[in-house]
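Here is the structure we will look at.
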Amino acid sequence: MVDVPASNPLPHQDTSSGFDPIPFVSVIIPVYQDRERLEICLDHLGRQSYPENRYEVIVADNGSDNYDSIEALVEQYDNVRIVQELSPGSYAARNKGIEAAQGEILAFTDADCQPSPTWIEMGVKHLVNNPDCGAVGGRIEMFYANPENVTIPDLFDRVIFGFPYQEMLEGYGGMITANLFTRRAVIDDIGPFLARIKSFGDQEWGMRVRAAGYGQIYADDAWVGHPVRGSVAGIARKKIRCSGGVYDLYVREETSWFVRYRRLARLIFEELFIQSPPQLVTAFTDPRLAPLTTRLQIAGMVVMMQGLSAWEKLRLNFVGGSAERL
């Protein structure tokens with residue numbers, strides 16, 4: 001760990017929490033094939049307000065075909081290094097990054113995210129000033145690739161699908177690894193992510209944080225940008241991956257026939273009759289989705305995506321196969 005004088009804490013930080021005045025941070029980014037957007041992410045991480053000698057970036061490659069190109073990219077940055085995890089799944093890759101990390105604070109984002117200039121500083125501030133806090137989840141600001149030509153999939157992804165992070169975190173402790181800060185001591189206590197699931201592992205981990213008695217904070221000022229998924233196919237792939245992750249977590253390994261099918265039925269019911277109605281209400285009331293023709297198209301996508309998600313759980317249960325990787 002790099003030695004920094006205790007007389008130089010970050011602004012607004014309480015140095016009585018047990019952390020170093022400027023804690024060393026490891027930023028962990030899983031990547032699979034996505035060299036182009038990873039480069040943008042690394043450029044944003046290179047322009048942080050946090051002292052550059054107090055953080056490192058670990059790129060955790062998950063078996064990309066273009067690994068040599070990603071490795072060459074990483075070598076262009078002074079405080080970035082790469083590890084590789086060949087077991088499929090972003091949570092397996094994140095766990096590999098955790099093993100290699102040197103920081104007492106671990107920060108997670110994704111290769112397609114664009115951290116704001118004060119992202120690390122704000123995330124660390126909330127952890128340091130709240131010693132009972134086990135994890136901080138920051139705002140994920142979705143943006144349009146082409147604001148002059150916003151499409152129906154753009155609107156659906158930002159307004160309907162999106163990242164309702166604050167609602168999830170405050171409701172049941174769910175967290176999102178696109179923007180997450182925690183302490184290594186918390187990982188040591190409750191364990192890393194579940195490597196066997198391809199999606200939903202961050203929310204499961206967040207629920208373990210809450211169950212262990214740690215506090216959780218939503219930080220609007222520790223934000224990252226995230227591009228909308230600008231196509232129906234892209235949104236569908238994400239929905240299928242999320243559905244498969246939920247299935248793997250709650251159904252796949254259940255050995256009791258009765259419990260297995262009760263859980264599956266409950267998940268399908270929630271998909272179609274609990275989650276869908278609020279989304280349809282949003283489709284017909286949110287001012288961003290006017291006029292009526294747009295609202296009708298968005299409502300149609302709600303029905304299609306929720307049905308696709310339910311179908312994926314049925315497919316995995318009755319046909320078999322593996323959930324899609326994230």
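The values are calculated or read from the model by the stated rules, or taken from the named source; none is laboratory data. Computed from a prediction, not measured in an experiment: that's the story for all the values here. Counting neighbours? That spans all protein chains shown, and the Cβs are built from the backbone with ideal geometry, glycine included.
Mind checking which pairs have a first residue in the range 19-44 that is at positive phi and a second that is modelled with pLDDT of 95 or more and assigned to a loop (DSSP other than H, G, I, E, B), Cβ under 8 Å, 6 or more apart or different chains?
GLN33/SER64; GLN33/ASP65; GLN33/ASN66
Here are GLU85, GLU56: which of them is farther than 22 Å from ALA135 by Cα and modelled with pLDDT of 95 or more? Steps first, answer last, please.
Values: GLU56 fails: farther than 22 Å from ALA135 by Cα.
Among GLU85, GLU56, only GLU85 is farther than 22 Å from ALA135 by Cα and modelled with pLDDT of 95 or more.
For ASN79, all conditions in the list (1) within 21 Å of ARG183 (Cα to Cα); (2) surrounded by fewer than 23 Cβ atoms within 10 Å (Cβ to Cβ); (3) touching a residue at least 40 places away in the same chain (Cβ under 8 Å) hold save one; what is the number of the exception?
Status for ASN79: all satisfied but (3).
Going residue by residue through the range 12-23, is there one that turns out to be among the hydroxyl-bearing types (Ser, Thr, Tyr), in the same structural domain as LEU180 (by TED's automatic domain parsing) and either modelled with pLDDT under 95 or within 18 Å of ALA178 (Cβ to Cβ) (or both)?
no
Please specify each residue of the range 85-99 satisfying the condition of being without any contact (Cβ under 8 Å) to a residue 60 or more places away in the chain and surrounded by fewer than 16 Cβ atoms within 10 Å (Cβ to Cβ). It would help to see each step written out before you state the result.
Looking only at the range 85-99, we keep the residues that are without any contact (Cβ under 8 Å) to a residue 60 or more places away in the chain, and these are 85-86, 96, 99.
Listed by number, the residues that qualify are LEU86, GLU99.
Just checking, how many residues over the range 228-237 are under 20 Å from ILE197 (Cβ atoms) and surrounded by 18 or more Cβ atoms within 10 Å (Cβ to Cβ)?
Residues in the range 228-237 being under 20 Å from ILE197 (Cβ atoms) and surrounded by 18 or more Cβ atoms within 10 Å (Cβ to Cβ): 1 in total.
Kindly check whether there is at least one residue in the range 107-127 that is part of a loop (DSSP other than H, G, I, E, B), touching a Gly at 6+ places or on another chain (Cβ under 8 Å) and not basic (Lys, Arg).
Within the range 107-127, the first condition is being part of a loop (DSSP other than H, G, I, E, B), and the residues that meet it are 110-113, 116-118.
Next, only the ones that are touching a Gly at 6+ places or on another chain (Cβ under 8 Å) stay: 113, 116.
If we keep only those that are not basic (Lys, Arg) too, we end up with 113, 116.
Scanning the range 107-127 turns up at least one residue that is part of a loop (DSSP other than H, G, I, E, B), touching a Gly at 6+ places or on another chain (Cβ under 8 Å) and not basic (Lys, Arg).
Specify the residue that is farthest from the chain's Cα centre (by Cα); the eligible residues are those in the range 36-49 that are crowded, with 18+ Cβ neighbours inside 10 Å and within 20 Å of ASP65 (Cβ to Cβ).
Checking each candidate, the answer is LEU42.
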